[in-house]
Amino acid sequence: MLKEFIEYLLSLKKPEVVEVEGRSYATSSLRLINEGEPDVAAFEVRNLSGLVDYIQSTFDNDKELIIHVESPTKVNVFDALDSTGNRRTYIKAKAMLPSITYDRFLEREEMNIMLQSCFVDNEDKATVLEIISSVVEDEGVTTTDDGISQKIVVKQGVASSAAIKTKKTYELKPFRTFVEVKQPESEFILRLREGAKAALYEADGGAWELNAIHSIRDYFKEKLSEEVAAGRIQVIA
(Lines give C-alpha, C1' and ligand atoms only; values in the text may rest on other atoms or scores of the structure.)
Protein backbone atom coordinates (compact mmCIF):
# COMPACT_ATOMS: atom_id res chain seq x y z
CA MET A 1 0.00 0.00 0.00
CA LEU A 2 2.82 2.40 0.91
CA LYS A 3 4.63 1.62 -2.37
CA GLU A 4 1.55 2.43 -4.43
CA PHE A 5 1.05 5.67 -2.51
CA ILE A 6 4.65 6.81 -3.14
CA GLU A 7 4.35 5.96 -6.83
CA TYR A 8 1.14 7.99 -6.95
CA LEU A 9 2.85 11.01 -5.38
CA LEU A 10 5.76 10.76 -7.82
CA SER A 11 3.39 10.57 -10.74
CA LEU A 12 1.83 13.88 -9.69
CA LYS A 13 5.15 15.66 -10.25
CA LYS A 14 5.56 14.44 -13.80
CA PRO A 15 4.78 17.21 -16.30
CA GLU A 16 2.18 16.40 -18.91
CA VAL A 17 0.99 18.07 -22.08
CA VAL A 18 -2.72 18.84 -22.17
CA GLU A 19 -4.63 19.75 -25.33
CA VAL A 20 -7.26 22.47 -24.85
CA GLU A 21 -9.19 23.73 -27.86
CA GLY A 22 -6.38 22.78 -30.20
CA ARG A 23 -3.61 24.39 -28.12
CA SER A 24 -0.96 22.56 -26.07
CA TYR A 25 -0.36 23.38 -22.39
CA ALA A 26 2.19 21.96 -19.92
CA THR A 27 1.02 21.04 -16.43
CA SER A 28 4.24 22.46 -14.91
CA SER A 29 6.99 24.86 -15.89
CA LEU A 30 10.31 23.53 -17.14
CA ARG A 31 13.76 24.88 -16.35
CA LEU A 32 16.76 24.41 -18.61
CA ILE A 33 19.64 22.65 -16.91
CA ASN A 34 22.77 24.75 -17.36
CA GLU A 35 25.07 22.59 -19.42
CA GLY A 36 27.52 25.42 -20.02
CA GLU A 37 30.14 26.76 -17.67
CA PRO A 38 29.06 27.14 -14.03
CA ASP A 39 28.11 30.59 -12.77
CA VAL A 40 30.57 32.59 -10.69
CA ALA A 41 29.94 35.01 -7.85
CA ALA A 42 30.84 38.46 -9.16
CA PHE A 43 32.48 40.72 -6.63
CA GLU A 44 32.08 44.48 -6.48
CA VAL A 45 34.58 47.34 -6.35
CA ARG A 46 33.97 51.03 -5.85
CA ASN A 47 36.33 52.52 -8.42
CA LEU A 48 37.50 52.03 -11.98
CA SER A 49 41.14 51.47 -11.04
CA GLY A 50 40.20 48.36 -9.05
CA LEU A 51 38.47 46.94 -12.11
CA VAL A 52 41.56 47.66 -14.25
CA ASP A 53 43.82 45.97 -11.68
CA TYR A 54 41.64 42.86 -11.73
CA ILE A 55 41.68 42.57 -15.52
CA GLN A 56 45.43 43.11 -15.81
CA SER A 57 46.16 40.56 -13.10
CA THR A 58 44.49 37.73 -15.11
CA PHE A 59 43.98 36.23 -11.66
CA ASP A 60 40.93 34.14 -12.55
CA ASN A 61 41.53 33.61 -16.27
CA ASP A 62 42.95 35.19 -19.41
CA LYS A 63 39.78 34.92 -21.49
CA GLU A 64 38.45 37.58 -23.80
CA LEU A 65 36.28 39.93 -21.74
CA ILE A 66 33.72 42.64 -22.40
CA ILE A 67 33.57 45.82 -20.33
CA HIS A 68 30.03 47.18 -20.41
CA VAL A 69 29.63 50.78 -19.22
CA GLU A 70 26.02 50.48 -18.09
CA SER A 71 25.68 54.01 -16.70
CA PRO A 72 27.79 56.83 -15.23
CA THR A 73 27.87 54.88 -11.96
CA LYS A 74 27.88 51.19 -13.02
CA VAL A 75 30.35 49.07 -15.01
CA ASN A 76 30.20 45.28 -15.54
CA VAL A 77 32.78 42.82 -16.89
CA PHE A 78 31.47 39.76 -18.77
CA ASP A 79 33.01 36.90 -20.69
CA ALA A 80 31.84 35.57 -24.08
CA LEU A 81 28.66 33.54 -24.58
CA ASP A 82 28.92 29.90 -23.58
CA SER A 83 27.28 26.92 -25.28
CA THR A 84 23.91 27.76 -23.70
CA GLY A 85 24.00 31.42 -24.74
CA ASN A 86 24.74 32.75 -21.27
CA ARG A 87 27.49 35.07 -20.00
CA ARG A 88 29.29 35.11 -16.69
CA THR A 89 29.83 38.35 -14.78
CA TYR A 90 33.21 38.45 -13.04
CA ILE A 91 33.38 41.89 -11.48
CA LYS A 92 31.24 45.01 -11.11
CA ALA A 93 32.21 48.60 -10.35
CA LYS A 94 29.75 50.91 -8.60
CA ALA A 95 30.69 54.52 -7.92
CA MET A 96 30.63 55.98 -4.42
CA LEU A 97 28.88 59.34 -4.71
CA PRO A 98 27.87 62.06 -2.28
CA SER A 99 24.23 62.84 -1.65
CA ILE A 100 23.18 65.84 -3.74
CA THR A 101 19.71 67.40 -3.55
CA TYR A 102 18.13 68.78 -6.71
CA ASP A 103 14.68 70.22 -7.41
CA ARG A 104 14.03 71.12 -3.77
CA PHE A 105 14.55 74.33 -1.83
CA LEU A 106 17.21 74.19 0.87
CA GLU A 107 18.24 76.54 3.63
CA ARG A 108 21.05 78.87 2.58
CA GLU A 109 23.62 77.21 4.86
CA GLU A 110 22.68 73.71 3.65
CA MET A 111 22.98 74.77 0.01
CA ASN A 112 26.32 76.44 0.70
CA ILE A 113 27.78 73.30 2.27
CA MET A 114 26.45 71.08 -0.52
CA LEU A 115 27.99 73.26 -3.23
CA GLN A 116 31.38 73.40 -1.52
CA SER A 117 31.61 69.69 -0.74
CA CYS A 118 29.86 68.05 -3.70
CA PHE A 119 30.71 70.25 -6.71
CA VAL A 120 33.99 70.73 -8.58
CA ASP A 121 35.34 74.27 -8.43
CA ASN A 122 34.66 76.47 -11.45
CA GLU A 123 33.66 80.06 -12.15
CA ASP A 124 29.89 79.57 -11.99
CA LYS A 125 30.14 77.65 -8.71
CA ALA A 126 31.93 80.64 -7.18
CA THR A 127 29.23 82.95 -8.55
CA VAL A 128 26.38 80.88 -7.14
CA LEU A 129 28.11 80.65 -3.76
CA GLU A 130 28.58 84.42 -3.71
CA ILE A 131 24.91 85.03 -4.51
CA ILE A 132 23.66 82.58 -1.90
CA SER A 133 26.03 83.85 0.79
CA SER A 134 25.18 87.51 0.13
CA VAL A 135 21.39 87.35 -0.11
CA VAL A 136 19.50 89.55 2.36
CA GLU A 137 15.76 89.98 2.77
CA ASP A 138 14.58 93.56 2.46
CA GLU A 139 10.87 94.31 2.62
CA GLY A 140 11.50 97.62 0.85
CA VAL A 141 12.68 95.92 -2.33
CA THR A 142 10.32 94.34 -4.85
CA THR A 143 11.47 90.98 -6.21
CA THR A 144 11.06 90.59 -9.95
CA ASP A 145 10.61 87.10 -11.42
CA ASP A 146 9.93 86.58 -15.14
CA GLY A 147 10.19 82.80 -14.93
CA ILE A 148 13.67 82.78 -16.44
CA SER A 149 15.71 84.97 -14.11
CA GLN A 150 15.19 86.62 -10.74
CA LYS A 151 16.15 90.00 -9.33
CA ILE A 152 17.35 89.65 -5.77
CA VAL A 153 19.00 91.81 -3.11
CA VAL A 154 22.61 91.12 -2.12
CA LYS A 155 24.94 92.73 0.37
CA GLN A 156 27.52 95.14 -0.96
CA GLY A 157 29.03 96.32 2.27
CA VAL A 158 28.35 96.74 5.95
CA ALA A 159 25.38 99.03 5.45
CA SER A 160 24.52 98.95 1.75
CA SER A 161 22.78 96.57 -0.63
CA ALA A 162 21.98 96.34 -4.33
CA ALA A 163 19.67 94.36 -6.60
CA ILE A 164 21.24 91.89 -9.04
CA LYS A 165 19.74 89.65 -11.71
CA THR A 166 20.50 85.93 -11.79
CA LYS A 167 21.54 84.27 -15.05
CA LYS A 168 19.27 81.95 -17.01
CA THR A 169 21.49 78.95 -16.25
CA TYR A 170 24.80 78.17 -14.54
CA GLU A 171 27.45 75.67 -15.68
CA LEU A 172 28.17 73.41 -12.68
CA LYS A 173 30.05 70.14 -12.16
CA PRO A 174 28.63 68.01 -9.35
CA PHE A 175 30.27 64.68 -8.48
CA ARG A 176 28.05 62.29 -10.46
CA THR A 177 30.43 59.63 -11.80
CA PHE A 178 33.65 57.81 -10.90
CA VAL A 179 36.38 60.05 -9.50
CA GLU A 180 38.95 58.73 -12.00
CA VAL A 181 37.25 60.54 -14.88
CA LYS A 182 36.40 64.18 -15.48
CA GLN A 183 33.12 65.18 -13.89
CA PRO A 184 30.68 66.29 -16.63
CA GLU A 185 29.68 69.93 -16.65
CA SER A 186 26.03 70.75 -17.32
CA GLU A 187 23.49 73.54 -17.02
CA PHE A 188 21.54 74.24 -13.84
CA ILE A 189 18.80 76.72 -13.02
CA LEU A 190 19.21 78.58 -9.73
CA ARG A 191 16.01 79.65 -7.98
CA LEU A 192 15.60 81.59 -4.76
CA ARG A 193 12.59 82.35 -2.61
CA GLU A 194 11.53 83.89 0.69
CA GLY A 195 13.51 82.88 3.73
CA ALA A 196 16.81 82.99 1.79
CA LYS A 197 16.18 79.47 0.46
CA ALA A 198 17.70 78.22 -2.80
CA ALA A 199 17.23 75.32 -5.19
CA LEU A 200 19.10 73.89 -8.18
CA TYR A 201 17.31 72.33 -11.15
CA GLU A 202 19.02 70.26 -13.85
CA ALA A 203 18.55 71.83 -17.28
CA ASP A 204 20.51 69.73 -19.79
CA GLY A 205 17.99 66.93 -20.41
CA GLY A 206 20.37 64.25 -19.15
CA ALA A 207 23.08 64.90 -21.76
CA TRP A 208 25.69 64.77 -18.99
CA GLU A 209 25.10 61.01 -18.64
CA LEU A 210 26.26 60.34 -22.21
CA ASN A 211 29.33 62.51 -21.64
CA ALA A 212 30.17 60.60 -18.46
CA ILE A 213 29.74 57.21 -20.17
CA HIS A 214 32.05 58.26 -23.00
CA SER A 215 34.63 59.48 -20.49
CA ILE A 216 34.58 56.09 -18.73
CA ARG A 217 34.96 54.32 -22.08
CA ASP A 218 37.97 56.48 -22.95
CA TYR A 219 39.48 55.80 -19.52
CA PHE A 220 39.41 52.04 -20.10
CA LYS A 221 40.75 52.33 -23.63
CA GLU A 222 43.72 54.30 -22.28
CA LYS A 223 44.43 52.19 -19.17
CA LEU A 224 43.90 48.88 -21.01
CA SER A 225 45.34 49.92 -24.36
CA GLU A 226 47.50 46.80 -24.70
CA GLU A 227 44.64 44.46 -23.87
CA VAL A 228 42.31 46.30 -26.27
CA ALA A 229 44.92 46.21 -29.07
CA ALA A 230 45.42 42.47 -28.52
CA GLY A 231 41.67 41.86 -28.78
CA ARG A 232 41.41 40.49 -25.23
CA ILE A 233 39.23 43.35 -24.02
CA GLN A 234 36.20 44.88 -25.73
CA VAL A 235 34.73 48.12 -24.33
CA ILE A 236 31.04 48.81 -24.94
CA ALA A 237 29.46 52.11 -23.92
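For a paramagnetic label modelled at 7 Å from the Cα of F105 toward its Cβ, which residues of region 187-207 fall within the zone defined by backbone nitrogen distances under 16 Å?
Label zone hits: 190-201.
Listed here are the pairs K63/K94; K94/K125; K125/K168; which of them are more than 21 Å apart at the Cα? Walk me through the numbers before you get to the answer.
On the way: K63/K94 23 Å; K94/K125 27 Å; K125/K168 14 Å.
Those over the limit are K63/K94; K94/K125.
Which whole-Hz ³J(HN,Hα) couplings does region 106-112 yield from phi under the Karplus relation 6.51 cos²θ - 1.76 cosθ + 1.60, θ = phi - 60°, glycine and proline marked x?
Each residue's phi maps through the Karplus curve to give 10, 4, 3, 5, 5, 5, 4 Hz.
Once amide H atoms are placed 1.01 Å from N in the peptide plane, what residues at a sequence separation of 5 or more from R88, or on another chain, have their amide H within under 5 Å of its amide H?
Amide H neighbours of R88: D79.
Amide H of V45 versus every other amide H placed in the peptide plane: which residues, excluding those fewer than 5 positions away on the same chain, fall under 5 Å?
The list, which skips near neighbours in sequence, is K92, A93, K94.
Just grab the label-to-label distance for F59 and F43, each label 7 Å out from Cα along the Cβ direction, in nm (one decimal).
0.4 nm
Accessible area of F43, 1.4 Å probe, to the nearest 10 Å²?
Its heavy atoms expose roughly 90 Å² to the probe.
The values are calculated or read from the model by the stated rules, or taken from the named source; none is laboratory data. Because the structure is predicted, anything quoted here is derived from the model rather than measured. FYI the Cβ positions are ideal-geometry reconstructions off the backbone, even for glycines, and counts take in every protein chain you see. SASA here: full protein model, heavy atoms, side chains in, ligands and nucleic acids out. Shrake-Rupley method; radii C 1.70, N 1.55, O 1.52, S 1.80 Å.
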